[in-house]
Ligand code: PMP
C-alpha cells in the first residue's frame, strides 16, 4: 500500500466525499498519477502534500494571474480582513471596486458582485430576461458557462425544463447563430458567448470579427442583450475585457477567476441598456459582500491596468510555446498549440486517445512541472524566463523518458 500523504488523504476523502472528489479538480478527470492534494503555493510554483514542488501551468485553473501570494494583493486583502470581511453590510471597497470596474471595462456602466463564475453567468441570464421580458438564450454548443442546471455539461440531476429556453448555435458560424435567433422568434432575451473557444480536449479558436459582429447586430435588431462570458479569460488577455480589441461591445459581461488573483470573487458588468433590468432582479449571496476579496480585486485590477504584467505574461507564453515546439520536434512530433499563449492548449498531432499527451504530462510531473494534457493551461505574471527555461528543460527530460518507455520515438 502506498504511504504517500496524497494516497492517505485520497483514501480518507473516498469515505466522506462522494466519489472521492467532485468537479474540475478531481484528478481522475486528468489522468491517473496526478497529485490530488496540495499544501502551499508561491509565485508560479505549487507544492503538493508530499512536498513535491512543481512549476505550475494551471494557475489554480485560472484565478492566479499575478502569481500566488502576490504581496500587494494579499496585503490589501489581509488588511481588510483585519477590519471586517463579511459584516452587516458592504464596505467602501465595494463602491471603489464597482467604480474601478466601470472605468476599466469596455461598455460597463454598472457592476454587481458575486463569488463564482456560475453566479455571474446566471445573473447575466436573469438580467437579460428581466431587461427584455423574454425567455430564450442562445449559447454556443459545447461552451462551458458553469455548473448549474441551465448550463452544466452534465445532464445528471438536470430536467428538460431547466433547459427549455436554451438554444444552441455553432462556434464562429454566423449562419447557425442566425438560425438559432430565428428559432427564438420574438422571445430572444440574449446571446451568450465566451471570450474565445476554450472547450476541453480540442483546439482552441479565437472568435472571428464576423461572428461577434453578427451576434452584436442580431441583438440590436431583436432588442436582445449580447453577453460576454469572460469568466475564464477576463483580466488575462486584456484588462478592458476580452472583446475590446475586436471592437464588439457586450451589453453584459461576467467575470471571475483572475479578477482578484485567487481571492473569491465574481462580477457582472453591464451597459446603460441593461441597468434597469439589473435593478429589478433579486440576486444575493451570504458572502457576496465580503470586503477582503473586493480589496484584493482593486489591487489586482490596478496592477493589471498600470503595469506590463499581461504583456510580460504573453512574452512568457510565447517563449513556452516556441520552446515546446522545439523540444518535441527533436522526437519527430508535431504539436497543435492553439489559443492565446497565456492560456495555451497543447495537444499532440495524431494523439486522439491522448496516449502521448498523458504520458508526457505524467513524466513532466516527475521532473517538477505541472501541465494539463487536455484542458487549456494558464501562465501568470510570476513566470520568469528562468522558470520557462527550467520547465522546457524538464519537458525535454520528460520526452526522453517517454521515448525510453516506447511511447514516442527516441
Ligand atoms: N464560464 C466560463 C467560461 C468558465 O470557464 C467557468 C469556470 N471554468 C465558469 C463560467 C464557471 O465558473 P465557476 O466555476 O467559478 O462557477
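Answer yes if at least one residue in the range 247-268 is without any contact (Cβ under 8 Å) to a residue 40 or more places away in the chain, within 13 Å of the ligand (Cβ to nearest atom) and over 30 Å from residue 78 (Cβ atoms), and no otherwise.
Within the range 247-268, none of the residues are without any contact (Cβ under 8 Å) to a residue 40 or more places away in the chain, within 13 Å of the ligand (Cβ to nearest atom) and over 30 Å from residue 78 (Cβ atoms).
Residue-by-condition table, conditions (1) within 16 Å of the ligand (Cβ to nearest atom); (2) assigned to a helix (DSSP H, G or I); (3) modelled with pLDDT of 95 or more; (4) farther than 24 Å from residue 345 by Cβ:
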| residue | (1), (2), (3), (4) |
| --- | --- |
| 167 | no, no, yes, yes |
| 181 | no, yes, yes, yes |
| 190 | yes, no, yes, yes |
| 207 | yes, no, yes, no |
| 213 | no, yes, yes, yes |
| 216 | no, yes, yes, yes |
| 221 | no, yes, yes, yes |
| 227 | yes, no, yes, no |
| 233 | yes, no, yes, no |
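Can you tell me how many residues within the range 352-410 are within 28 Å of residue 310 (Cα to Cα), more than 27 Å from the chain's Cα centre (by Cα) and not in a helix (DSSP H, G or I)?
Residues meeting the conditions: 0.
If I filter the range 136-151 for residues that are more than 16 Å from the ligand (Cβ to nearest atom) and loosely packed, with under 15 Cβ neighbours inside 10 Å, do I get at least one hit?
no
From the list 241, 234, pick out the single residue that is on the phi < 0 side of the Ramachandran plot and surrounded by 24 or more Cβ atoms within 10 Å (Cβ to Cβ).
Result: 234 is the single residue among 241, 234 that is on the phi < 0 side of the Ramachandran plot and surrounded by 24 or more Cβ atoms within 10 Å (Cβ to Cβ).
Hey, does the range 338-348 have a residue that's part of a helix (DSSP H, G or I) and closer than 25 Å to residue 36 by Cα?
The answer is no, given that none of the residues of the range 338-348 is part of a helix (DSSP H, G or I) and closer than 25 Å to residue 36 by Cα.
Consider residue 10 against the criteria (1) crowded, with 16+ Cβ neighbours inside 10 Å; (2) farther than 30 Å from residue 356 by Cα; (3) free of Cβ contacts under 8 Å to residues at least 40 places away in the same chain: it satisfies all of them except one. Which criterion is unmet?
(2)
Please go through the range 185-213 and pick out each residue that is surrounded by fewer than 21 Cβ atoms within 10 Å (Cβ to Cβ) and more than 24 Å from residue 341 (Cα to Cα).
185, 186, 187, 213
Within the range 89-148, work out how many residues are more than 22 Å from the chain's Cα centre (by Cα) and within 16 Å of residue 234 (Cα to Cα).
1
So, of the residues in the range 248-298 that are out of contact with any helix residue (DSSP H, G or I) (no Cβ under 8 Å at 6 or more places or on another chain) and under 18 Å from residue 228 (Cβ atoms), which turns out to be surrounded by the most Cβ atoms within 10 Å (Cβ to Cβ)?
250
Return the pair list, or none, for Cβ contacts closer than 7 Å from residues in the range 40-55 that are on the phi > 0 side of the Ramachandran plot to residues that are surrounded by 18 or more Cβ atoms within 10 Å (Cβ to Cβ), at least 6 apart or on different chains.
43/67; 43/68; 43/382
Would you point out the residue of the range 86-125, among those that are within 16 Å of the ligand (Cβ to nearest atom) and assigned to a strand (DSSP E or B), that is surrounded by the fewest Cβ atoms within 10 Å (Cβ to Cβ)?
So the residue we want is 112.
Mind checking which residues of the range 325-345 are surrounded by 22 or more Cβ atoms within 10 Å (Cβ to Cβ) and under 18 Å from residue 403 (Cβ atoms)?
Within the range 325-345, just 328 meets the criteria.
Say whether the condition of being farther than 14 Å from residue 120 by Cα and within 14 Å of the ligand (Cβ to nearest atom) is met by at least one residue in the range 273-282.
Looking for residues that are farther than 14 Å from residue 120 by Cα and within 14 Å of the ligand (Cβ to nearest atom), one finds none in the range 273-282, hence no.
The values are calculated or read from the model by the stated rules, or taken from the named source; none is laboratory data. Predicted, not measured: the structure shown is a model, and the values here were computed from it. For neighbour counting, all protein chains shown are included, and Cβ atoms are generated from backbone atoms with ideal geometry for every residue, glycine included.
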